[in-house]
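What follows is a single structure, written as structure tokens, with notes after it.
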Amino acid sequence: SLRSELVALCGVGRKVADCVLLFGYGRDSVVPVDTHCLQMARRFLLPCKQRDKALNANLYNQIVSRFWQTFGREHAGWAFMFIFVGELSDFRKLINERLRVEADLKLHPHSHPHPHPQLAGPPPRRKRATPQAPLAIKVEELEVSKRPTHLV
């Protein structure tokens, strides 16, 4: 398989090979299991008795199987990425801020029309510029001295 060929390369382990398969080759069923994925699996997917186990080949395969069962095999790798991004602290701060602003808007809908610019909706549409007639000048009609040098 392609994974075994990648793992045969010096310095490439299963996780790196799975990253290459998911992102480089579009193998959407591949779940790269690293420390972050293990932490998420412990919190959301693994049974209690498996949550304290160290990552090994067997646990790696179990985590991948749980992602397949939970999210469907055809999109398990991308499900992992969405969860991973959602766990990033900067992203969580942004989500928490948006949730707080939305809650404030529900409690006080008329206090301020748009307290958070990112929640204000799409920007207003700009007026279209009036179309102008295309400028059509034939190079042959210009005097030689006025021709652009790159066209001479």
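The values are calculated or read from the model by the stated rules, or taken from the named source; none is laboratory data. Everything quoted here is computed from the prediction, not taken from an experiment. Cβ coordinates were reconstructed from backbone atoms using ideal geometry, including for glycine residues, and neighbour counts include every protein chain displayed. Surface areas here come from the heavy atoms of the whole protein model, side chains and all, with no ligands, DNA or RNA. Shrake-Rupley method; radii C 1.70, N 1.55, O 1.52, S 1.80 Å.
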- Item | Pairs with Cβ under 9 Å, 6+ apart, first in segment 18-36 and free of Cβ contacts under 8 Å to residues at least 12 places away in the same chain and of a type in the set (K, R), second surrounded by fewer than 21 Cβ atoms within 10 Å (Cβ to Cβ) and assigned to a helix (DSSP H, G or I) | none
- Members of segment 74-86 found to be among the small types (G, A, S) and surrounded by 15 or more Cβ atoms within 10 Å (Cβ to Cβ), listed by number: A76, G77, A79
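Going through segment 48-106 one residue at a time, which ones are small (G, A, S) and more than 24 Å from the chain's Cα centre (by Cα)?
Selection gives A54, A57, A103.
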- Which listed residue, of K49, K15, is loosely packed, with under 15 Cβ neighbours inside 10 Å and outside any loop (DSSP other than H, G, I, E, B): K49
- Answer with yes or no whether V64 is outside any helix (DSSP H, G or I) and either open to solvent by less than 50 Å² (accessible area, probe 1.4 Å) or within 19 Å of G86 (Cα to Cα) (or both). no
- Query: Looking at (1) assigned to a helix (DSSP H, G or I); (2) of a type in the set (D, E); (3) modelled with pLDDT of 85 or more, can you tell me which one D28 breaks?
  - Reply: (1)
- Quick check, is F71 surrounded by 17 or more Cβ atoms within 10 Å (Cβ to Cβ) and free of Cβ contacts under 8 Å to residues at least 12 places away in the same chain? yes
